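Here is the structure we will look at, set down as structure tokens.
The values are calculated or read from the model by the stated rules, or taken from the named source; none is laboratory data. Everything quoted here is computed from the prediction, not taken from an experiment. When we count neighbours, we look across all protein chains shown, and the Cβ atoms used for this are built from the backbone with ideal geometry, even at glycine. Calculation scope for accessible area: heavy atoms of the full protein, side chains included, ligands and nucleic acids excluded. Shrake-Rupley method; radii C 1.70, N 1.55, O 1.52, S 1.80 Å.
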Amino acid sequence: MTYKIGFIPGDGIGPEVIAQARKVLDATGIEYEPVEFDLGAKRYKATGDVLPDSVVKEIRDLNGALLGAVGDPSVPPGILERGLLLKLRFDLDLYVNLRPVKLHPGVPSPLANKGPDDIDFIVVRENVEGLYTGAGGTHKPGSLFEVATQESINTRRGVERVVQYAFKLAEARDHRLTWVHKTNVLTHAGGLWQRAFDAQAKAHPDVHTDYVHVDAACLYFVTQPERFDVVVSDNLFGDILTDLGAAIAGGMGLAASGNIHPGGFGVFEPVHGSAPDIAGKGWANPVACILSAAMLLAHLGEADAARRVEEAAIGILGKLRGMAGASMGYTTAEIGDMVAEAL
Ligand code: IPM
Ligand code: MN
């Protein structure tokens, strides 16, 4: 089967890391037809378009997509993030954001006393609700009396389906699931999450469950990462937790993710942003994007190719001096070559 795979390089270092992921995908030998999408700051500034509905329709017809990065300092905050990245997640109903937190052998972690056996879990972030929906408003902006509200939207069905996905994932892993929230303060949203979680826990009695407040979860990520196997949380808590997760597992240069509609479409992307400060320098670590391509392959059902890409990418990490920036000892393209050759 020839897959139709979309590539959305986007902004900053996005095109550089996407080029390396393509190199690696080519080296796997899987048959695919690449479909390129010119989206991001350049297109917005030239045409005013961010993500036309016609493009969403084209993307929906693909087998999957790989996205580089979105965001540019010359565009006001929110326009590209909300208009492109979040619109893709919302319009395609990619309600699961899957973010592995795994320390690979040979990769330095800032947690000096923790190793690969301790840091090996996965965060399931709710991806289309919560504080990200844009609900709220501004009244009399700029005046002394201005008012701003930002509301967290939580639907019973929306929460239950992502929690159900997390339970199934826990069943395929170590049968341990932790949910993270702030139920002691956010009693409305927390109550709904609690009821949805409890209903799913009843349906999955073979999974050992735990609840941790988000502030304590930050502490435990750093002091006891081994207590986690699958973690499920809402959109904003999941966003924040996964930057911390990336940090303990070797940094943003390595963190991969997938925006998934289980059983359906998926857009895969490195957790890192567009890093405009290093764009064009050849300093970006493409491994996060390559590992995201491996997740895409797994999502397509190409388990063997996914495993080979993951092994090849992890296998070269020991050669790098640092995991991102000027200190890596190799350029972005050289790292892509090393992974492709290892395949
Ligand atoms: C991420 C990013 C995005 C998010 C931004 C760029 C909108 O931080 O994918 O984690 O907050 O989801
Ligand atoms: Mn983030």
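Tabulated results
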read-out	value
Residues of segment 261-276 that turn out to be aliphatic (A, V, I, L, M) and open to solvent by 10 Å² or more (accessible area, probe 1.4 Å), as a count	2
Subset of segment 310-329 [under 23 Å from residue 274 (Cα atoms) and crowded, with 17+ Cβ neighbours inside 10 Å]	310, 313, 314, 317, 320, 323, 324, 328
Subset of segment 198-254 that is within 16 Å of ligand 2 (Cβ to nearest atom) and part of a strand (DSSP E or B) - its residue that is surrounded by the fewest Cβ atoms within 10 Å (Cβ to Cβ)	233
Condition check for residue 120: closer than 30 Å to residue 319 by Cβ and surrounded by fewer than 20 Cβ atoms within 10 Å (Cβ to Cβ)	yes
Any hit, segment 132-149, residues being under 29 Å from residue 83 (Cβ atoms), of a type in the set (Asp, Glu), outside any strand (DSSP E or B) and touching a helix residue (DSSP H, G or I) at 6+ places or on another chain (Cβ under 6 Å)	no
Output for segment 151-181, where each listed residue is open to solvent by less than 10 Å² (accessible area, probe 1.4 Å) and in contact with a helix residue (DSSP H, G or I) (Cβ under 7 Å, 6 or more places away or on another chain)	159, 163, 167, 177, 179, 180, 181
Filtered residue count, segment 232-248, keeping only those that are within 14 Å of the chain's Cα centre (by Cα) and more than 15 Å from ligand 1 (Cβ to nearest atom)	1
Residues of segment 257-297 that turn out to be closer than 23 Å to residue 73 by Cα, away from ligand 2 (no atom under 12 Å from the Cβ) and of a type in the set (A, V, I, L, M), as a count	5
Members of segment 24-53 found to be over 21 Å from the mean Cα position of the chain (by Cα), part of a helix (DSSP H, G or I) and more than 13 Å from residue 80 (Cβ to Cβ), listed by number	26, 27, 28, 46, 47, 53
Number of positions in segment 54-84 that are assigned to a helix (DSSP H, G or I), within 16 Å of ligand 2 (Cβ to nearest atom) and open to solvent by 50 Å² or more (accessible area, probe 1.4 Å)	2
Cross-chain or 6+ apart pairs with Cβ under 6 Å, segment 127-143 first and farther than 24 Å from residue 165 by Cβ and open to solvent by 40 Å² or more (accessible area, probe 1.4 Å), then modelled with pLDDT of 95 or more and in a loop (DSSP other than H, G, I, E, B)	136/151; 140/146
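Each row is one residue, and each column tells you yes or no for (1) within 24 Å of residue 301 (Cβ to Cβ); (2) in contact with a helix residue (DSSP H, G or I) (Cβ under 6 Å, 6 or more places away or on another chain).
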{"position": "6", "(1), (2)": "yes, yes"}
{"position": "19", "(1), (2)": "no, no"}
{"position": "36", "(1), (2)": "yes, no"}
{"position": "44", "(1), (2)": "no, no"}
{"position": "61", "(1), (2)": "yes, no"}
{"position": "70", "(1), (2)": "no, yes"}
{"position": "81", "(1), (2)": "no, no"}
